[in-house]
Amino acid sequence: MKILAIGRNYIDHAKELNNPVPSEPVVFLMPETSILRKGQAFFYPEFSMDVHFEVELVLKINRLGKNISERFAHRYYEEIGIGIDFTARDLQSELKKKGLPWEKAKSFDGATPLGEFVPKTAFQDIKNINFSLDKNGKQVQFGNSKDMIFSFDAIISHVSKYFTLKIGDLIYTGTPAGVGPIQIGDELVGKIEGKELLKVQVK
Ligand code: ZN
């Protein structure tokens, strides 16, 4: 399986990092080894001094597809979850400056903690899903899927032009504003509609 991730999908977050608002989705890939399953701790990597949290809604692909039209994209996922896209911001800034790919800063081992999933049918409107991240008991990020620049369906349509989607693939759909650094000893809790679905200890 593979993980596709979308960068700069919330205007407020693009602005906080002084990035332009994109006219098409910014896409990058993460390998299976970046996943941190429930209950696993995140070990602060030695190659960074500035790892940031980014909380994101995650789609789980449940059908094989390529060149999926936006109109039919909703048939390709039945569950929505929450995850963190840990980013070595210092390394990413260096790579960006040189115009190099981001993978070392985004796709390293353990960089994508993955929480539990919720069936799509549990939501009244998937264009209005509240989600949040708490750090040490204090809310640090809050987002709503209505503020995404590219909707779930637009993302699926776009990425499937380039990458065949397979059952079990994950799509991290971008982070809202409020990203910030973590430290050893922190506890991060991800919630959808107030329900705790993800917990990570930083060690
Ligand atoms: Zn991200």
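The values are calculated or read from the model by the stated rules, or taken from the named source; none is laboratory data. Only a predicted model underlies this, so the values are computations on that prediction, with no experimental measurement involved. As a convention, Cβ positions derive from the backbone with ideal geometry for all residues, glycine included, and neighbour counts pool all protein chains shown. For the accessible areas, the whole protein counts, side chains as well, though only heavy atoms, and no ligand, DNA or RNA atoms are used. Shrake-Rupley method; radii C 1.70, N 1.55, O 1.52, S 1.80 Å.
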Calculate, for the range 36-167, the solvent-accessible area per residue in square angstrom, rolling a 1.4 angstrom probe over the heavy atoms of the protein chains. 51 Å²
Contact order normalised by length for the chain, with contacts defined as Cα pairs under 8 Å and 6 or more residues apart; what percent is it? 35 percent
May I ask for the distance between the Cα centers of the range 149-201 and the range 1-41, given as a whole number of Å? 7 Å
Hey, what number do you get for the chain at 222 nm if only DSSP H runs of n ≥ 4 count, each worth -39500 (n - 2.57), divided across all residues, to the nearest 500? -3500 deg cm²/dmol
Of Tyr10, Gly180, Phe142, which is farthest on the positive side of the dipole of the chain, counting Cα position, with +1 on Lys and Arg Cβ, -1 on Asp and Glu Cβ, and the Cα centre as origin? Tyr10
Only Lys, Arg (+1) and Asp, Glu (-1) charged, at Cβ; the chain dipole about Cα centre in debye: 440 debye
Under 13 Å, Cβ to Cβ, from Lys38 - net charge with Lys/Arg +1 and Asp/Glu -1: 0
For the chain, the percent of accessible surface on carbon and sulfur atoms (probe 1.4 angstrom, ligands and nucleic acids excluded) is 51 percent
Can you list the trypsin sites (Lys or Arg not before Pro) in the range 138-191 that are in a DSSP coil and have 14 or fewer other beta carbons within 10 angstrom? Lys161, Lys166
Taking +1 at the Cβ of each Lys and Arg and -1 at the Cβ of each Asp and Glu, which of Phe152, Pro113, Asn67 sits farthest along the dipole of the chain towards its positive end, judged by Cα position relative to the Cα centre? Asn67
Net charge near Gln183 (other residues with Cβ under 12 Å of its Cβ; Lys, Arg +1; Asp, Glu -1) is -1
Distance violations [Cα-Cα > 24 Å] among Lys60/Lys161; Lys66/Lys195; Lys98/Lys199; Lys127/Lys195: Lys66/Lys195; Lys98/Lys199
Keeping all protein chains in place and using 1.4 angstrom, which order do Ile184, Ile192 fall into by accessible surface area, from largest down? Ile184, Ile192
Sum of side-chain charges, Phe142 neighbourhood, beta-carbon under 11 Å (Lys, Arg +1; Asp, Glu -1): -2
Compute the convex hull volume of the Cα atoms of the chain, divide it by the residue count, and report the result per residue in Å³ as a whole number. 107 Å³
Magnitude of the Cβ-charge dipole (Lys and Arg +1, Asp and Glu -1) of the range 1-114 about the Cα centre, nearest 20 debye, reported as 400 debye
